[in-house]
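The block underneath contains the structure these notes are about, expressed in structure tokens.
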Amino acid sequence: MCSLVGVVVHFLGPVVPVQLAVIFLGIGLIGAAFMLAWAADAGEAVFSGGLVLAVVALVTVLPEFVIEIRFAFIQAAELVTANLTGATRLLLAGAVSLPLVVLMLAHARGDEAAPVRLADNRRLELGVLLVTAVFAIQFTIRGNLSVFESVVLITLYVLYTRRVQGTHGEEAGAVGVAAGLVALSGRRRQLAIIGLIVGPGLVVLLVANPFADALLATGASVGIDPYLLIQSVVPIATESPEFVVVAVLIANHRPAQGMALFLASSVSQWTLGLGALPVAYLAGGGGPVMPLAPREQVELAFTIAMTLFVVAALATMQPQRIDALMVTTIFVAQVVYPVVVLRVAATFVLFVFAIDLLVHRRRTVRPMLRAVWGRRQSARP
């Protein structure tokens, strides 16, 4: 029903005032995103193989992907990284702050919080994030993103989808509606999952860009910075399904899988999402090199620093609460006070602590890199 509302408002076009349109289009986008998240969770539990996993990974970031590609295609270079950096930071902050959430919930119940530990096979996500963040430093400093970087980033995404199919040691992650889909009989189950990918996917293709346009028009009418709108508001809408799924996983005493979901979505953003931007820029007539404005360089540098710190914090597979508190504090501060000085200061602090942690935990770096580049081991029976 929510998705239908968004589609109807889209076809009504200028008849609906832009302030109302942004609300109803946002509702439609959130409804479609929820259905895509359910289908992705159920599909990961039902299907197997690299191609299916690639489709599932694409489905989870489809709303952001559509908006980012559109901005690159129309040569709006000053906005192309806004949604990507905002969504990635939100996902990473969610991943590393989970121990704090678990602690607070246990304290509210009067229980003792058990430590949150990632499964060993999650080193793959950490390794890909580490490689991508280090690789991104050079084009962030240079101030442009070329098709060559696209090839590297998309290759990393393909490598990730091929390697993630062999993971083991975790209970199936489908919960809630996704668990209901998995419980259906064979043929009905597959048709239901495919339908929940195709239908909402079409809704996203129809609604995502009009939602972004309506949001920008609304912000302009009240004097709000369009970059901040795209960076803050859109990710909250499009990433809400992941946070709901993670909340259900925490309620079912599976916080580590919630953390893994955040990390997997971050990998898709950093590799496929970022890698597709220069290709879209080229397809729109902008040439093989997409420029990065100084503001985007700052935002990307901050996102790189947060990525490196999160990888360092999770390198032991058992995050410390002090690391979670630090990331949460910095993330909230930069949302409340979105000024360049704070971004630069936070980038410096996160870089320093990330390097310190990685040096201190240097024995954990090789297993993460081996998970990406080493010989893949077959899954255990």
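The values are calculated or read from the model by the stated rules, or taken from the named source; none is laboratory data. From a predicted model like this one, the values you see are computed outputs, not experimental measurements. Every residue, glycine as well, gets a Cβ built from its backbone with ideal geometry; the counts of neighbours run over all protein chains shown. Each accessible area value is taken on the protein alone, full model and side chains, heavy atoms only, with ligands, DNA and RNA left out. Shrake-Rupley method; radii C 1.70, N 1.55, O 1.52, S 1.80 Å.
Summary table
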{"read-out": "Identity of the residue in the range 7-47, at pLDDT 75 or above, open to solvent by 60 Å² or more (accessible area, probe 1.4 Å) and under 14 Å from Asn209 (Cα atoms), that ends up nearest to the chain's Cα centre (by Cα)", "value": "Ile27"}
{"read-out": "Cross-chain or 6+ apart pairs with Cβ under 8 Å, the range 19-48 first and over 14 Å from Ile236 (Cβ atoms), then modelled with pLDDT of 75 or more and among the aromatic types (Phe, Trp, Tyr)", "value": "Leu25/Phe211; Gly28/Phe211"}
{"read-out": "Yes/no for Leu358 being in a helix (DSSP H, G or I) and either closer than 23 Å to Gly127 by Cα or open to solvent by less than 70 Å² (accessible area, probe 1.4 Å) (or both)", "value": "yes"}
{"read-out": "Number of the condition not met by Ile322 [criteria: (1) part of a helix (DSSP H, G or I); (2) modelled with pLDDT under 90; (3) within 24 Å of Leu300 (Cα to Cα)]", "value": "(3)"}
{"read-out": "Among (1) assigned to a helix (DSSP H, G or I); (2) touching a Phe, Trp or Tyr at 6+ places or on another chain (Cβ under 6 Å), the one test that Met290 misses", "value": "(1)"}
{"read-out": "Some residue of the range 256-273 being buried (at least 17 other Cβ atoms within 10 Å of the Cβ), more than 16 Å from the chain's Cα centre (by Cα) and more than 27 Å from Asp213 (Cβ to Cβ)", "value": "yes"}
{"read-out": "Unmet requirement for Glu296, which otherwise passes all of (1) in contact (Cβ under 8 Å) with a residue 40 or more places away in the chain; (2) in contact with a helix residue (DSSP H, G or I) (Cβ under 6 Å, 6 or more places away or on another chain); (3) in a helix (DSSP H, G or I)", "value": "(2)"}
{"read-out": "Unique match (being more than 15 Å from the chain's Cα centre (by Cα), at pLDDT 70 or above and of a type outside the set (Phe, Trp, Tyr)) among Leu53, Leu84, Leu4, Leu62", "value": "Leu4"}
{"read-out": "Residues (touching a Pro at 6+ places or on another chain (Cβ under 8 Å) and basic (Lys, Arg)) located in the range 303-351", "value": "Arg321"}
{"read-out": "Any hit, the range 236-254, residues being modelled with pLDDT of 75 or more, surrounded by 19 or more Cβ atoms within 10 Å (Cβ to Cβ) and farther than 20 Å from Ile27 by Cβ", "value": "no"}
{"read-out": "The range 118-169, residues that are in a loop (DSSP other than H, G, I, E, B) and either on the phi > 0 side of the Ramachandran plot or open to solvent by less than 20 Å² (accessible area, probe 1.4 Å) (or both)", "value": "Leu118, Gly143, Gly166, Gly169"}
{"read-out": "Residue within the range 204-218 that is over 21 Å from the mean Cα position of the chain (by Cα), closer than 18 Å to Ile74 by Cα and not in a helix (DSSP H, G or I) present", "value": "no"}
{"read-out": "Residue list for the range 102-123, restricted to those being hydrophobic (A, V, I, L, M, F, W, C) and at pLDDT 75 or above", "value": "Val116, Leu118, Ala119"}
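This table checks each residue for (1) of a type in the set (A, V, I, L, M, F, W, C); (2) within 26 Å of Leu145 (Cβ to Cβ); (3) under 21 Å from the mean Cα position of the chain (by Cα).
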site	(1), (2), (3)
Ala301	yes, yes, yes
Gln320	no, no, no
Leu325	yes, no, yes
Gln334	no, yes, yes
Pro338	no, yes, yes
Ala345	yes, yes, no
